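Mind having a look at this structure? Questions to follow.
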Amino acid sequence: MADSADTSAAPAALLHDRIALLDGAMGTIVQARQLTEADFRNPALAEHKHDLKGNNDLLCLTRPDVIEDIHFAYFEAGADIATTNTFSSTTIAQADYQLEAIVPELNRAAAEVAGRAARRAEAANPGRRCFVAGGIGPTNRTASMSPDVNRPDYRAVTFDQLAAAYRDQAAALVAGGVDLLLVETILDTLNAKAAIYALEDLFDELGRRLPVMISVTITDASGRTLSGQTIAAFYNSIRHAQPFSVGINCALGGRQMRPYLEELAELAECFVSCHPNAGLPNAFGGYDETPADMAAILGEFANSGFVNLVGGCCGSTPDHIRAIAAAVKDRAPRTPRPAATSLRLSGLEPLVIA
C-alpha cells in the first residue's frame, strides 16, 4: 500500500480502465468445508468456555490456511479485490462469542491472510495488481430501530458505541495492510453513518486516507433498506463522505436488484459496485443461480453502463467469479456522474432542491 496521503490512485486507475472484479462469498464456502469445533480453536482458545464453531472470522487465527486458500481461489478466478474475512469482527458482534478482547488481533490477522493471498496471485502473474478491502459488516445491532416491538423507544446500541467498535476494527485492518475499506451489507443507514464517522476520525489520526467503498442492502421488493430508505435517500445520506464507490450487495439476486442498481448508477458521483447473491435462497437455504446465470445478469448490467465493480455475495463461488469476469471482459466501465450542484437531502425519501 502506498505511503501517500491518499492511497486511492492505484485502485482508481484500475476502475477507470475497465470493470473490476470483486470476490464472492466467504461464509458459504467455509460451510462447505465441514469444519469442526476443533478448527475454530487454537492453543490460546483451547479452554474458552463458549462454543466457537460458526464464528467464521475466527478462522483467520485458527485456520489461516483455509481462509488464504479461499482468497487465492478468488484471485485465480479473476478477482481484483478480495474482501477480508471480517464481516463480524467488531467487539459488538464478537460479544456473542465472548471474544471482544481479540478483535484487534482478529482483524490484523485477516488483513495479513488476504494480503498473502494477493501476493501469491501477483507472483503467479508478474505485473498483475491485486488489492485487499477490509470488510466492515453491519454488526448484529441496529441504531435506528428497536429490537423489541413492545418498546419502540429502546435501542440495543448507541451511535457512539458503534463508532468506537468500527474505529477499533478499521484501525486493525489498516495496520494489517489493507488497500481499501468496505462498509458493506448496510441494513441501517445510521450504522453506516457511525462507520463513516469512525473512518474519518481514524484518517485524521493517521494523516492519510484509504479509499472507502460503501455497499447497501435492499431487503425486499419494496426497494428499501431495512431501516426504510429508498436507494436515492440512502445515497443522499452518505454522499458527503465522498466514497470511492457505492453499491448494492446481498439480500436479493441480480435480477431483483436491477431497478435499484439502475437508479443508483444515475445518481452516483463515484464508482458503482454490484455483488448480488447467487439468486434468492431456496427452501433449504441454498442458492440456485449457476455461474452462467450470474454471468448473464451482471454482463447485462455491464452492457447497460451501470457498473464499475462486480462480484458475488452469498452462494457465489470462484466459478461464479470466473464466469462473471469473462462476461464483463472488454466492456466499458461506467463513467461517474459529474458532481451535483443541487441540495440533496434525505429522510426515508430523497429531497432535492435545485
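The values are calculated or read from the model by the stated rules, or taken from the named source; none is laboratory data. What you are looking at is a predicted structure, and each value in this text was computed from that prediction instead of being measured. Cβ atoms come from the backbone with ideal geometry, glycine included; neighbour counts cover every protein chain shown.
Kindly provide the set of residues from the range 125-167 that are farther than 21 Å from Thr217 by Cβ and under 17 Å from the mean Cα position of the chain (by Cα), ordered by number.
Answer for the range 125-167, where residues must be farther than 21 Å from Thr217 by Cβ and under 17 Å from the mean Cα position of the chain (by Cα): Cys130, Phe131, Val132, Arg167.
Would you be able to tell me the number of residues in the range 49-82 that are of a type outside the set (A, V, I, L, M), touching a Lys or Arg at 6+ places or on another chain (Cβ under 7 Å), outside any helix (DSSP H, G or I) and over 30 Å from Pro126 (Cα atoms)?
0
If only one of Thr91, Thr7, Thr83 is farther than 27 Å from Phe284 by Cβ, of a type outside the set (A, V, I, L, M, F, W, C) and at pLDDT 95 or above, which one is it? Before the answer, list the steps.
Numbers: Thr7 fails: at pLDDT 95 or above; Thr83 fails: farther than 27 Å from Phe284 by Cβ.
Going through Thr91, Thr7, Thr83 in turn, just one is farther than 27 Å from Phe284 by Cβ, of a type outside the set (A, V, I, L, M, F, W, C) and at pLDDT 95 or above: Thr91.
Sticking with this one: What is the residue count in the range 195-242 for residues that are touching a Ser or Thr at 6+ places or on another chain (Cβ under 9 Å) and of a type in the set (A, V, I, L, M, F, W, C)?
The qualifying residues number 12.
Which residue is surrounded by the most Cβ atoms within 10 Å (Cβ to Cβ), if the candidates are limited to the range 320-341 and must be of a type outside the set (Lys, Arg) and assigned to a helix (DSSP H, G or I)?
First, pick out the residues of the range 320-341 that are of a type outside the set (Lys, Arg): 320-321, 323-328, 330, 332-333, 335-336, 338-341.
Narrowing the set further to residues that are assigned to a helix (DSSP H, G or I) leaves 320-321, 323-328.
Numbers: His320: 27, Ile321: 29, Ala323: 23, Ile324: 31, Ala325: 20, Ala326: 13, Ala327: 22, Val328: 23.
Ranking the qualifying residues of the range 320-341, first place goes to Ile324.
Looking at the range 122-174, which of the residues that are in a loop (DSSP other than H, G, I, E, B) and touching a strand residue (DSSP E or B) at 6+ places or on another chain (Cβ under 9 Å) is farthest from Gly27 (Cα to Cα)? Break it down stepwise before answering.
Start the filter on the range 122-174 by keeping residues that are in a loop (DSSP other than H, G, I, E, B), which leaves 125-130, 137-158.
Restricting the remaining residues to those that are touching a strand residue (DSSP E or B) at 6+ places or on another chain (Cβ under 9 Å) gives 130, 137-138.
Details: Cys130: 21, Gly137: 13, Pro138: 15 Å.
Ranking the candidates gives Cys130 first.
Any idea which of Asn249, Asn236 is more than 25 Å from Cys314 (Cα to Cα) and buried (at least 20 other Cβ atoms within 10 Å of the Cβ)?
On the way: Asn249 fails: more than 25 Å from Cys314 (Cα to Cα).
Just a single option satisfies the conditions, and that option is Asn236.
Do you know which residues across the range 175-212 are outside any loop (DSSP other than H, G, I, E, B) and in contact (Cβ under 8 Å) with a residue 60 or more places away in the chain?
If we filter the range 175-212 for residues that are outside any loop (DSSP other than H, G, I, E, B), which is where we start, we get 175, 180-186, 189-206, 209, 212.
Residues satisfying the conditions are Ala175, Leu180, Leu182, Glu184, Thr185, Arg209.
In addition: Consider only pairs whose beta carbons are under 6 Å apart and that are at least six residues apart or on different chains; among these, list those whose first residue lies in the range 306-323 and is more than 22 Å from Leu180 (Cα to Cα) and whose second residue is outside any helix (DSSP H, G or I) and among the polar types (S, T, N, Q).
Close Cβ pairs satisfying both conditions: Gly315/Asn277.
Any residue in the range 99-106 that is touching a Pro at 6+ places or on another chain (Cβ under 9 Å), buried (at least 18 other Cβ atoms within 10 Å of the Cβ) and either under 19 Å from Asn191 (Cα atoms) or not hydrophobic (A, V, I, L, M, F, W, C) (or both)?
Pass one, the range 99-106, residues touching a Pro at 6+ places or on another chain (Cβ under 9 Å): none.
Among the residues of the range 99-106, not one is touching a Pro at 6+ places or on another chain (Cβ under 9 Å), buried (at least 18 other Cβ atoms within 10 Å of the Cβ) and either under 19 Å from Asn191 (Cα atoms) or not hydrophobic (A, V, I, L, M, F, W, C) (or both), which makes the answer no.
What pairs come up if the first residue lies in the range 276-300 and is on the phi > 0 side of the Ramachandran plot and surrounded by 15 or more Cβ atoms within 10 Å (Cβ to Cβ), the second is among the small types (Gly, Ala, Ser) and at pLDDT below 95, and their beta carbons are under 6 Å apart, counting only those six or more places apart or on different chains?
Gly279/Gly253
For the range 125-158, enumerate the residues that are touching a residue at least 12 places away in the same chain (Cβ under 8 Å) and small (Gly, Ala, Ser). Break it down into steps so the answer makes sense when it comes.
In the first step, residues of the range 125-158 are kept if they are touching a residue at least 12 places away in the same chain (Cβ under 8 Å); the result is 129-145, 155-158.
Selection gives Ala133, Gly134, Gly135, Gly137, Ala143, Ser144, Ala156.
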